[in-house]
1. Output the residues belonging to the stretch A:161-197 that are in contact with a helix residue (DSSP H, G or I) (Cβ under 6 Å, 6 or more places away or on another chain), part of a strand (DSSP E or B) and within 14 Å of chain B (Cβ to nearest Cβ).
2. Which one of these is modelled with pLDDT of 95 or more, away from chain B (no Cβ under 14 Å) and under 28 Å from residue B:68 (Cβ atoms): A:155, A:151?
3. Please go through (1) closer than 30 Å to residue A:311 by Cα; (2) assigned to a strand (DSSP E or B) for residue A:149 and return the number of the only condition it doesn't satisfy.
4. For the stretch B:81-93, does any single residue satisfy the condition of being at pLDDT below 90 and surrounded by fewer than 23 Cβ atoms within 10 Å (Cβ to Cβ)?
5. Return the residues of the stretch B:14-37 that are in contact with a helix residue (DSSP H, G or I) (Cβ under 9 Å, 6 or more places away or on another chain) and over 24 Å from residue B:82 (Cα atoms); say none if nothing qualifies.
6. Counting only residues that are in contact with a strand residue (DSSP E or B) (Cβ under 8 Å, 6 or more places away or on another chain) and in a loop (DSSP other than H, G, I, E, B), which one in the stretch B:58-96 is nearest to the other protein chains (Cβ to nearest Cβ)?
7. For the structure I just gave you, tell me whether residue A:314 is assigned by TED's automatic domain parsing to the domain that holds residue A:46, in contact with a strand residue (DSSP E or B) (Cβ under 6 Å, 6 or more places away or on another chain), more than 26 Å from residue A:172 (Cβ to Cβ) and surrounded by 22 or more Cβ atoms within 10 Å (Cβ to Cβ).
8. Please pick out the residue among A:96, A:132, A:74 that is farther than 19 Å from residue A:288 by Cα, surrounded by 19 or more Cβ atoms within 10 Å (Cβ to Cβ) and touching a strand residue (DSSP E or B) at 6+ places or on another chain (Cβ under 8 Å).
């Protein structure tokens, strides 16, 4: 019996288990390991601070998504021993052997990496929305917040769902307007990048959007520390931004078990081939989803398209055959812009987001790089698709590789 | 997309003056761009960073500041002293690599 071991039962790991349990024959045993029994719909966290979603909208038991015949072990991971083809779990249990290993341990926020962030003001005047607890605490805080200066700060890239900070600000603009207090709220976006939009065509088409919504951008802001009593964030080159409410997107890092195994880069992400996800060092080890060090977006859609390519490749690879597909970095995401509208972007390693229609060229129904109500409904509908189609590895009528059809380049 | 002549060599650059092809880069070009970025002289410390970034670029894209500090052992504070205001972007420009970008 051949053994496939998958570490992490999040978006990528669960999809891999589902796809491969269909594609592999009875000669295989698939085992999944995760530290907790709850699956989170992470894209939904964004809506919680504004009261659009509650806890029940974003959690389900992991077991609901594990196919029959796949074993789920609930335990933290101590370390991977790739030279010995085995994984040690926390505690004294015997190690898990594997023939092939898929690392899908994700990325997590690390507020402990920025001085001052998690001291006495954490979850008081300093919040996050990348965890369920953080999003719920922020929702509670915003309900009674009298207004003032709200600063959203990205500590460093890459982050999960790279557009979420912008969406948060645009939803905040809408939220405070609805509550009749927008004039008492200042919205500021402090980013380590050179602007809110950095790709040429998106900048051209969306550059004025934040101005129009009264959101001020502080570019090239690389945070060094927070001074929680003085309520200001300070950059490495001594710029200061004062806040009344700080919404931080802390440094994102891969799992500590990756560091303990000596398999990660500076941020604990696992280096793999960007087209096939195979480790250059260990030919029976793959990394998928946010855990992988890829020049692609850390997003559920990337994981989905990647798993589609990977699963079919794996069946060939395990038989010693050449892998038929090369992943192109395809990702797409809805960007909530407030007032019941959203944008949609679709891109890959080489092609930046372009305007047009998706998925049917000329028809849509979704508009690329342009606000529409249909995009907003698409985003809300997506939660249902995630639970019922994507996680279960059922086919979605969208090609895994990016298509240029329906897109147009600007001159 | 335009071309420009930097220290006698014709290269392709984008609207912000970043080289489009890392292969067209030379050390002489680095010295010239550094001057435009307000760095009068490239010290051995500067070169250490530039060379590390060129060796560790993925897809022609420069590493992030955190990767640079971890990889070279040069602290973030020192990076800001060497390449003031946005060191990651400045190094990318001088090293002939793509600037750090988001997805939009």
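The values are calculated or read from the model by the stated rules, or taken from the named source; none is laboratory data. Bear in mind the structure is a predicted one, so any value in this text is a computation, not a measurement. In this analysis, Cβ positions are derived from the backbone assuming ideal geometry, glycine residues included, and neighbour counts consider all displayed protein chains.
1. Result: A:189, single match.
2. Numbers: A:155 fails: away from chain B (no Cβ under 14 Å).
Checking each option against the conditions leaves just A:151.
3. (1)
4. Yes - at least one qualifying residue is present in the stretch B:81-93.
5. Those that are in contact with a helix residue (DSSP H, G or I) (Cβ under 9 Å, 6 or more places away or on another chain) and over 24 Å from residue B:82 (Cα atoms): B:14, B:15.
6. B:59
7. Details: assigned by TED's automatic domain parsing to the domain that holds residue A:46: yes; in contact with a strand residue (DSSP E or B) (Cβ under 6 Å, 6 or more places away or on another chain): no; more than 26 Å from residue A:172 (Cβ to Cβ): yes; surrounded by 22 or more Cβ atoms within 10 Å (Cβ to Cβ): yes.
Against the criterion (assigned by TED's automatic domain parsing to the domain that holds residue A:46, in contact with a strand residue (DSSP E or B) (Cβ under 6 Å, 6 or more places away or on another chain), more than 26 Å from residue A:172 (Cβ to Cβ) and surrounded by 22 or more Cβ atoms within 10 Å (Cβ to Cβ)), residue A:314 does not qualify.
8. Of the residues listed, the single one that is farther than 19 Å from residue A:288 by Cα, surrounded by 19 or more Cβ atoms within 10 Å (Cβ to Cβ) and touching a strand residue (DSSP E or B) at 6+ places or on another chain (Cβ under 8 Å) is A:96.
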